[in-house]
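The values are calculated or read from the model by the stated rules, or taken from the named source; none is laboratory data. The structure presented is a predicted model; accordingly, all values stated were derived computationally and were not measured. Ideal geometry is used to build each Cβ from the backbone, glycine not excepted, and the neighbour counts take in all protein chains shown. We work out accessible area using only protein heavy atoms, side chains counted, and drop any ligands, DNA or RNA first. Shrake-Rupley method; radii C 1.70, N 1.55, O 1.52, S 1.80 Å.
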Amino acid sequence: MNDLTPTREQREAALEGMGCKRKRVEDVRFTQGKGQYVDDVKLPGMVFGDFVRSPYAHAKVTKIDATEALKLPGVIAVLTAEDLKGVNLAWMPTLAGDVQMVLADGKVLYQNQEVAFVVAENRYIADDAIQLVEVEYEELPVIVDPFKSMDPDAPVLRPDLEGKTEGAHGPRKHHNHIFTWEVGDKDETARAFDEADVTIKEKISYHRTHPSPLETCQCIASMDKVKGELTIWGTFQAPHVIRTVASLLSTIPEHKIHVVAPDIGGGFGNKVGAYPGYICSIVASIVTGVPVKWVEDRMENLSTTSFARDYHMTAEIAAKSDGTVTGLKVHVLADHGGFDACADPSKWPAGFFNIVTGSYDFPVAHLEVDGVYTNKAPGGVAYRCSFRVTEAAYCIERAMDILAQKLGMDPADLRMKNFVKPEQFPYQSALGWEYDSGDYHTAMQKVMDTIGYRELRAEQKAKQEAFKRGETREIMGIGISFFTEIVGAGPSKNCDILGVAMFDSAEIRVHPTGSVISRMGTKSQGQGHETTWAQIIATEIGIPAADIMVEEGNTDTAPYGLGTYGSRSTPVAGAAIALAARKIRNKAQMIAAHMLEVSEYDLDWDVDGFQVKGNPQARKSMKEIAWAAYHAPPPGMEPGLEAVSYYDPPNMTYPFGAYFCVMDIDVDTGVAKTRRFYALDDCGTRINPMIIEGQVHGGLTEAFAIAMGQEIRYDEIGNVLGASFMDFFLPTAVETPHWETDYTVTPSPHHPIGAKGVGESPNVGGVPAFSNAVNDAFQFLGSTHIQMPHDAWRLWQVAKDLGVHG
Amino acid sequence: MIPGEFIYHRPSSVAEAVAILANHGEEARPLSGGHSLIPMMKLRMAAPEHLVDLGGIADLKGISEDGDMISIGAMTTQHELIASDLLGSKLPIIRETSQLIADPQIRYVGTLGGNVANGDPGNDMPALMQCLNASYVLTGPEGDREVSARDFYEAAYFTKLAPEEILTAIRIPVLPAGHGYAYEKLKRKVGDYATAAAAVVLTMSGGSVSFCAIALTNVADTPLFAVEAGDILTGSTLDAETVKRAVAAAEAITEPASDGRGPAEYRTKMAGVMVQRALARAAERAKG
Ligand SMILES: Cc1cc2nc3c(=O)[nH]c(=O)nc-3n(C[C@H](O)[C@H](O)[C@H](O)COP(=O)(O)OP(=O)(O)OC[C@H]3O[C@@H](n4cnc5c(N)ncnc54)[C@H](O)[C@@H]3O)c2cc1C
């Protein structure tokens, strides 16, 4: 070797593979405004659709008259439920086994519900025409409070379900009841409570909020009547699922439907479901024969497509007097709005909420979830979390703090005492999950040491004394959250969407010159897949990431996949990518053996090629092998170098983390300032530390927003309040705290590269950290639990109620 | 979120603009920075058929000093208010307040004239102008008239401005050197209107207050000039007891709406807290 031969380290660095802080390749176009989003797509002859929406939360629709609207020049059509009935699309199935109106069929169930679809030559005319469609309503009594849904005399929200005592998830016990979901051992849990030294019980609500991606939901449907083919461009987190659903609903054969999800400006769960806008655009394009574009505005987005949370959880813990937990009991009242359109795997009406035992070794637990209808928008999506996991994490993390308070124990010590121990993994939880791996104590201790936890407690104590003496009007809180996520849906044994198992896929093609195109069933909405997927392939097959093109979102070219949400991309598609790459490497090994005239067993893999055992000078790089695969493959071997892999994960992955928040609250204004936020994440093998850090920053910012004020509110007659960015709290850089991040690495034992997914951990773990900080601050004044969101006026109210304002 | 149809005019003189307004009456609206008007048009809460853009009228720009008055052209942007050295030295509270309005992008286009003419109780400048005892020059077909900021506001979006008039300038008496001032604003985030805000200017002499003016933002359907609170403090040493009385007097005149910023009671109390904090800061700054 001469001086110019790159060293092993140099060759490794040149790959920019796993572990490298590779800059995001997609940002080159995003930061120059050169992304291609749905609204950038302009097709010849394209027209625009827009909705007439209901001003009432609950009303009969007695008349829709579009005469005046149709007279307006440029208006092409006005669709109503009656028109959709002709194609059997007035209603559509939801992912949760319910049905949902596409357009108001005789009544409306929430404010801003879609009533008619106006199609016009441009958006301006469409909006003018909306004002001209005359709709007559007859108001009905409204249910906003889910706790009143099952009152005996509660109004019937869903006459279409009248007399149906059996829902998609078992018996219904009231006309506004959707399902009861029960997990765990009721009797054993009751026994644990009977025998407990200490018990706590608290109603812990997680308010309704919304994922609010910067880009709203939108689509273009284009029906080619000559070919009988339908092309849909849309903001779809799961394009293949949309294709299957579109085929089932429209009866257009699936191979004649082309779904394209171009660049997506954030999803966070908002873009998983199918919405009336998509169906109406498709029908309108079939009717008119020209492309129809539908673009949601901000208010429509916040008030109609997919809220998140609205879970009202009553948590009870049984414990010994030394703090050892002995039982957990949770009841959830879940507000699903007018239709059950939760985006969960089909058999999981409350998602994976049974992860609610959290990071603690509960010997027994019992969980019951009741879903009910109200006059609010449907949704219940996993806003940057795996299905209902953030609700579960919030519930248990608040409950543990409340238990610590009752025991007079430090909340960090209580957690340490009850953590599942490293030697207990794989750990069987009382509510049915098998946690694959974890080392909770190490993570927790690392954060406590780094931030000086005991010193902070001492400072807090001193501040409390000063407050009592009237020397300060500021109180200090330390919020702890130790969360266990459950991501990577999911194993076909328990996860499907409308019957399709929740596998994912990758296809990798190595070109003759050694560069690569690869396609996946996932769809990035900002996660940086174009960057990280290439890094996995680079490490696995020794071709530089810069020479690997990653493409997602086109159902004609990408292998079938279930899409990107629930932090599933890395656990599922990431595994498929690694396995497809390994198929290529195996074939490459045979080709290299042929080229080097040795047995394939005499070869070692070395960064970016194969070398002969004991004779490292005799080597073939992947580039050389790729050429040979097309130029002179071994006799009897198929030419080419490509592979497809479909991966059905054996288990979920269980990322975890320890988040600490230090907060100061001005009791006279209720304004809370986050002094410090320290987030340690363990997501197993780290593919790109910089992207992880970015994901954590983004997720923490959302968590901060949710905990401290982000809310979809309704007044008592069902008017949705604050559905614009004037009121809906989207923090700017000024409000957002400074984030400190850290990590430990506990690889997943069953994942090909040991990775676990991280995009959602910060939202899951962040919310309880903020809320616990607020609660911790007020605790010494006598409070036990303060409901979120913790915006200034509510904290002021708490202070007032505690008598702090004199 | 799409406005109705309108005709766009861009006159180059005040006379021309006034003529267009006079022609179309209630159907026409002046357009300055558009950062209040355009959002309302998108929500179809306003649907003017004629928009008269004042951006092409050079006479409406600029800040000048004339004896003990400062005159600011209506089309002066909030950014220009911040950048002005003259205002920075003579009326620094204008800079402080401007910096609490929205964000830099909005301040580059939003104008002082639009802010005070808008009549939205959420705007910050109207209360400040009341505090500073400014007057507005209104130009109509008949010529100019001057209305005090303290008399201008009638209800939300209702002011003394007639449909055919343009607010052309804001005239503010210069305060004595060494005066204390503060604008305290509580808001949920950057770009939010005030939950409550208070403007305070005062002068001190020999340890007691010789003059004090206070006005409040967004705690009623108009800006509020808190006469009584100011009177209570004048002559005092800003002792805790007097401040408490003044705060109570300020709170008493509020009549806020309950909204996402909080219930009425909270916003009233926050007006009090803002007054108290503004007084403390103003006193600290005052010389004499
Ligand atoms: C996100 C956001 C946040 C904001 N936050 C704040 C804030 O915290 N505090 C604050 O004070 N403002 C805030 N604003 C409003 C901003 O300051 C506006 O620019 C200002 O209120 C209006 O000024 P303009 O020049 O944009 O007026 P325009 O929007 O053009 O006009 C406003 C109204 O005044 C009328 N008008 C305008 N000029 C004249 C004139 N010369 N004569 C007669 N009538 C006239 C118009 O017809 C219209 O009715 C915010 C705006 C946005 C978009």
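For segment B:181-283, carbon and sulfur atoms together expose 53% of the accessible surface, with a 1.4 angstrom probe and every protein chain in place. Eigenvalues of the alpha-carbon gyration tensor of segment B:181-283, scaled by 5 and square-rooted, set the equivalent ellipsoid semi-axes at 24, 13, 10 angstrom, largest first. A helix-only calculation puts chain B at -9500 deg cm²/dmol for mean residue ellipticity at 222 nm, using -39500 (n - 2.57) for each DSSP H run of at least four residues, averaged over all residues. Contact residues in segment A:111-136 by the 10 Å² criterion (accessible area, 1.4 Å probe, full protein complex versus chain alone): A:R123, A:Y124, A:D127, A:D128, A:Q131. With θ taken as phi - 60° and the Karplus curve 6.51 cos²θ - 1.76 cosθ + 1.60 applied, the whole-hertz 3J(HN,Hα) list for segment B:33-47 is x, x, 7, 10, 5, 5, x, 5, 5, 5, 7, 6, 7, 10, 9 Hz, x standing for glycine and proline. With 0.36 nm allotted per residue and the present C-alpha distance subtracted, the B:E16-B:D239 stretch has 74.8 nm of extension available. On full extension, the segment bounded by A:K201 and A:E459 gains 89.9 nm, given 0.36 nm per residue less the C-alpha separation. Placing a label point 7 Å from the Cα of A:D224 along the Cα-to-Cβ direction, the residues of segment A:235-267 whose backbone N falls under 17 Å from that point are A:252-261. In summary, the helical segments of chain A meeting the span-like criteria, namely a full DSSP H run, a Cα extent along the axis of 15 angstrom or more and a mean Kyte-Doolittle hydropathy of at least -0.5, are A:239-250, A:276-288, A:389-407, A:440-451, A:529-541, A:574-596, A:689-708, A:761-779. Put a dot 7 Å past the Cα of A:S783, heading toward its Cβ, do the same for B:K42, and the two dots end up 3.5 nm apart. Excluding ligands, DNA and RNA, the accessible surface per residue across the protein assembly as shown is 36 Å² with a 1.4 Å probe.
A simple spin-label model places the labels of B:S208 and B:Y8 6.0 nm from each other, with each point 7 Å out along Cα-to-Cβ.
Computing the accessible area with a 1.4 Å probe over protein heavy atoms, can you report the carbon and sulfur percentage for segment A:36-103? About 56 percent, which is the carbon plus sulfur part of the accessible surface. Remark: the A:E162-A:E138 segment gains 6.6 nm on full extension, using 0.36 nm per residue and subtracting the alpha carbon distance.
Remark: for residue pairs A:K23/A:K587; A:K421/A:K446; A:K417/A:K446, the C-alpha separation exceeds 19 Å in A:K23/A:K587.
Separation of the alpha carbons by more than 28 angstrom is noted, of A:K406/B:K189; A:K21/A:K523; A:K461/B:K287; A:K21/A:K673; A:K85/A:K225; A:K329/A:K461, for A:K406/B:K189; A:K461/B:K287; A:K21/A:K673; A:K329/A:K461. Overall, the ratio between the Cα radius of gyration of segment B:7-52 and 2.2 N^0.38 Å, rounded to two decimals, is 1.12. Surface composition of segment B:7-52: carbon plus sulfur atoms hold 53% of the accessible area, using a 1.4 angstrom probe and ignoring ligands, DNA and RNA. Residue ranges B:240-247, B:163-170 sort as B:163-170, B:240-247 when ordered by packing (mean number of other C-beta atoms within 10 Å per residue, highest first). Burial of accessible area (probe 1.4 Å, heavy atoms of protein chains only) in segment A:776-798, relative to its chain alone, reaches at least 40 Å² for A:W793, A:W796.
Averaging the sequence gap over all C-alpha pairs within less than 8 Å and six or more residues apart, then dividing by the number of residues, gives segment A:587-741 a relative contact order of 15 percent. Centroid-to-centroid, using Cα positions, segment B:88-130 and segment A:450-517 are 41 Å apart. When a/c is below 1.5 the answer is rounded, else prolate if a/b is larger than b/c, else oblate, so apply that to chain A with a ≥ b ≥ c taken from the square roots of the Cα gyration tensor eigenvalues. Oblate shape, in that a/c is at least 1.5 and b/c is the bigger or equal ratio.
Residues of segment B:1-21 that bury at least 30 Å² of accessible area when the other protein chains are present, relative to the chain alone (probe 1.4 Å, heavy atoms, ligands and nucleic acids excluded): B:M1, B:I2.
When B and A come together, around 2000 square angstrom of accessible surface is lost from both chains combined, probe 1.4 Å.
Beyond 19 Å, what percent of the Cα pairs of segment B:60-173 remain? For segment B:60-173, the share of Cα pairs beyond 19 Å comes to 39 percent. Spatial offset of segment A:77-138 relative to segment A:1-76 amounts to 25 Å, using the alpha carbon center of each. Taking label positions 7 Å along the Cα-Cβ direction at both A:L214 and A:K493, the computed distance is 4.3 nm, reported to one decimal. The calculated FRET efficiency for the pair B:D144 and A:D65, based on their C-beta separation and a Förster distance of 51 Å, comes to about 0.50.
For segment A:688-718 versus segment B:1-50, the spacing of their alpha-carbon centroids is 38 Å.
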